Amino acid sequence: KCNSLTSITIPEGVTSIGRAAFADCKNLTSITIPDSVSIIKSEAFDDTPWFEAKLKENPLVVVNGLLIDGKTCKGDVVIPDGITYIADSAFYSCNELTSITFPDSVTCIDDHAFRYCEGLTSITIPDSVTSIGDSAFSDCSKLSSVTIPDSVTSISDYAFRFTRLTSVTIPESVKSIGKDTFEGCKLTSIRINNPECVIGDSSDTICENATIYGYEGSTAQAYAEKYERKFVSIDSEQSSSTTAPPTAVDGDANGDGNANLADAVLILQSISNPDKYRISE
């Protein structure tokens with residue numbers, strides 16, 4: 001609200017610009033931002049002539065590869081390649097957004113980035129993303145499907161709260177799931193592949209009707225036991241998938257894994273009466 005300010009040059013070396021830092025500066029028409037800035041928080045330049053001019057150029061406002069605003073977007077939106085950061089609240093309450101396509105360059109989806117985007121139904125997060133911020137997709141009431149890649153290492157508080165997700169797999173790369181991440185969801189199953197994943201200590205982190213799949217002795221099992229959730233071990237599933245099939249043995253007519261006199265007898269019997277005696281395939 002510094003109305004006498006008309007232009008500003010932010011010096012090299014500044015790495016972040018905080019929330020609403022220059023908001024409501026009604027005469028601010030020129031802003032120079034150095035390449036060193038890697039984080040710009042919500043509403044940093046709202047209601048300035050500089051920001052309004054940016055919006056007229058493109059509904060996706062981008063600075064230094066940082067997507068700082070997309071609230072006026074509609075329909076299917078493709079974020080341009082080269083964008084590394086989706087700023088906090090960038091698409092907040094963008095109800096006319098129906099789908100979003102991320103480029104492989106995005107590494108961070110910040111807090112509240114897509115909160116209240118009620119038109120979103122499914123999201124595929126690219127392999128480049130390493131962190132998902134607080135309430136990043138919270139309250140997206142039509143959102144029923146999300147794919148979390150192996151690159152993600154942390155999911156912050158409330159990230160998918162009050163969505164319609166019914167099933168989700170948390171990859172082994174994820175080291176922490178924030179508090180109340182899946183509160184109010186429709187989850188019936190959640191698979192947590194990291195046995196040491198830190199799970200927010202709240203009964204609402206994983207909704208009560210979800211079956212939790214995890215390893216024996218894992219944090220997932222401990223959470224399930226503490227909050228009385230159904231737990232299914234995935235140890236047996238993994239061991240069965242790694243067990244090699246039996247090796248075929250020449251002359252093994254009865255399929256017991258050995259070639260001996262019993263097999264010779266069965267072979268002779270099958271020759272004389274093939275309808276009654278059958279050789280194992």
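The values are calculated or read from the model by the stated rules, or taken from the named source; none is laboratory data. Just so you know, these numbers come straight off a predicted model, no measurement behind them. Here the Cβ is made from the backbone with ideal geometry for all residues, glycine too, and neighbour counts use every protein chain on show. SASA here: full protein model, heavy atoms, side chains in, ligands and nucleic acids out. Shrake-Rupley method; radii C 1.70, N 1.55, O 1.52, S 1.80 Å.
Got at least one residue in the range 155-170 being more than 27 Å from Gly119 (Cβ to Cβ) and not charged (D, E, K, R)?
There is no residue in the range 155-170 that is more than 27 Å from Gly119 (Cβ to Cβ) and not charged (D, E, K, R).
Can you pull out every residue in the range 44-71 that is β-branched (Val, Ile, Thr) and assigned to a loop (DSSP other than H, G, I, E, B)?
Of the residues in the range 44-71, the ones β-branched (Val, Ile, Thr) are 48, 61-63, 68.
Passing the criteria: only Thr48.
Which of the residues that make up the range 103-114 are assigned to a loop (DSSP other than H, G, I, E, B) and surrounded by 20 or more Cβ atoms within 10 Å (Cβ to Cβ)?
Across the range 103-114, the qualifying residues are Val106, Asp110, Asp111, His112, Ala113, Phe114.
Return yes or no: is Asp35 acidic (Asp, Glu) and closer than 30 Å to Thr147 by Cα?
When the stated conditions are applied, Asp35 does not pass them.
Is one or more of the residues making up the range 15-36 under 24 Å from the mean Cα position of the chain (by Cα), among the aliphatic types (A, V, I, L, M) and open to solvent by less than 60 Å² (accessible area, probe 1.4 Å)?
So far as the range 15-36 goes, no, none of its residues is under 24 Å from the mean Cα position of the chain (by Cα), among the aliphatic types (A, V, I, L, M) and open to solvent by less than 60 Å² (accessible area, probe 1.4 Å).
Check the range 72-82 and report whether any residue there is open to solvent by 50 Å² or more (accessible area, probe 1.4 Å), of a type in the set (Lys, Arg), part of a loop (DSSP other than H, G, I, E, B) and more than 24 Å from Ser138 (Cα to Cα). First the steps, then the outcome.
Taking the range 72-82 and keeping what is open to solvent by 50 Å² or more (accessible area, probe 1.4 Å), we get 72, 74, 76, 78, 80-81.
Right, trim to of a type in the set (Lys, Arg) and you get 74.
Next, from what is left, pick out any that are part of a loop (DSSP other than H, G, I, E, B): 74.
Narrowing further to those that are more than 24 Å from Ser138 (Cα to Cα): none.
There is no residue in the range 72-82 that is open to solvent by 50 Å² or more (accessible area, probe 1.4 Å), of a type in the set (Lys, Arg), part of a loop (DSSP other than H, G, I, E, B) and more than 24 Å from Ser138 (Cα to Cα).
Could you tell me whether any residue of the range 38-52 is surrounded by 20 or more Cβ atoms within 10 Å (Cβ to Cβ), at pLDDT below 95, within 17 Å of Phe137 (Cα to Cα) and hydroxyl-bearing (Ser, Thr, Tyr)?
Yes, some residue in the range 38-52 is surrounded by 20 or more Cβ atoms within 10 Å (Cβ to Cβ), at pLDDT below 95, within 17 Å of Phe137 (Cα to Cα) and hydroxyl-bearing (Ser, Thr, Tyr).
Of the residues Asp88, Asp157, which single one is buried (at least 18 other Cβ atoms within 10 Å of the Cβ), in a loop (DSSP other than H, G, I, E, B), at pLDDT 95 or above and acidic (Asp, Glu)?
One residue alone meets the criteria, Asp157.
Do you know which of the residues in the range 115-149 that are polar (S, T, N, Q) and part of a loop (DSSP other than H, G, I, E, B) is nearest to Ser105 (Cα to Cα)?
Ser128
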